[in-house]
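Some notes on the structure that comes next.
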Amino acid sequence: MLGLAMASISLGTFVGLVGETHLGGNALSTDWARTFGACSGGLFIFLSSLVKSQYQMQQLKRAQMIAFALLIVVILLTPLYPAIKSPFLSLSLNALRMIIYTCAFVRYAMLYTSKATRFSLLMSLAFLVLVAGYGMNIPGMFHPQLIFITVIAATVRIIAYLGLLLAYSIG
């Protein structure tokens with residue numbers, strides 16, 4: 001479950017990176033795929049922490065497989081998406097990730113207070129750092145000359161994703 005969620009986040013991020021670097025002269029609007037990957041991955045990590053039975057986990061796995069298939073479709077349709085030119089649309093996509101990751105942070109923090117496992121501690125800290133990293137993106141959306149803050153925010157998010165990977169590896 002967590003592995004496929006991490007794969008969704010990674011695939012969306014990779015596609016977004018390809019779009020930003022304009023490899024091969026592309027001018028694709030990959031923010032949609034990046035957001036879908038990050039949101040679906042984060043959402044399923046959050047939802048998996050709420051599961052109470054094996055039946056619920058099976059249902060969630062099915063939904064996750066459908067979401068992953070939809071991510072592939074979103075990626076394949078990338079050439080058809082309009083460019084995101086409005087900072088308010090960028091902010092909305094960013095806020096969606098922040099909301100999902102905040103829910104995951106709160107859930108794993110609650111799990112840590114009740115069970116005090118290393119896994120829940122690492123997950124909650126990683127999601128908190130992710131929220132901070134996405135929050136740091138906001139000034140650059142409205143003032144492109146603040147690119148250095150965007151680069152720092154990306155670095156913070158990489159560290160947070162590595163934290164999720166560490167939690168997954170030891171958990």
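The values are calculated or read from the model by the stated rules, or taken from the named source; none is laboratory data. For clarity, every value in this text was computed on a predicted model and none was experimentally measured. When we count neighbours, we look across all protein chains shown, and the Cβ atoms used for this are built from the backbone with ideal geometry, even at glycine. Note: areas computed on protein heavy atoms with side chains; ligands, DNA, RNA excluded. Shrake-Rupley method; radii C 1.70, N 1.55, O 1.52, S 1.80 Å.
Solvent-accessible surface (1.4 Å probe) assigned to VAL156 amounts to roughly 30 Å².
Solvent-accessible area of the chain (1.4 angstrom probe, protein heavy atoms only): carbon and sulfur portion equals 74 percent. Between SER114, LEU11, ILE84, whose Cα lies farthest towards the positive end of the dipole of the chain when Lys and Arg beta carbons carry +1 and Asp and Glu beta carbons carry -1, centred on the Cα centre? Value: SER114. Only helical runs count toward this figure. For the chain, summing -39,500 (n - 2.57) over DSSP H runs of n ≥ 4 and dividing by all residues gives -28500 deg cm²/dmol at 222 nm.
The long axis of helix 54-76 is offset from the longest Cα principal axis of the chain by roughly 10 degrees.
Placing ILE75, ILE158 in order of accessible area, with the largest value first and a 1.4 Å probe, yields ILE158, ILE75.
Probe of 1.4 angstrom, ligands and nucleic acids ignored: what's the accessible area per residue over segment 1-107, in square angstrom?
53
Remark: segment 1-136 carries a charge dipole of roughly 440 debye about the Cα centre, counting +1 on each Lys and Arg Cβ and -1 on each Asp and Glu Cβ. With a 1.4 Å probe rolled over the protein heavy atoms of all chains, the accessible area of CYS103, CYS39 falls in the order CYS103, CYS39, largest first.
Accessible surface calculations at 1.4 Å, restricted to protein heavy atoms, place segment 119-163 at 49 Å² per residue. Shown are TYR81, TYR55, TYR161, whose ranking by accessible area with a 1.4 Å probe and every protein chain present, most to least, is TYR55, TYR81, TYR161. Taking Cα atoms only, the orientation of helix 87-115 departs from the longest principal axis of the chain by about 20 degrees.
Report the relative contact order of the chain, percent, no decimals, based on alpha-carbon pairs under 8 angstrom and at least 6 residues apart.
20
To the nearest 10 square angstrom, what accessible area does ARG62 show with a 1.4 Å probe? ARG62 has an accessible surface of roughly 130 Å² with all protein chains in place. Helix 2-21 and the longest principal axis of the C-alpha atoms of the chain enclose an angle of approximately 10°.
The alpha carbon centroids of segment 101-171 and segment 60-82 are separated by 23 Å.
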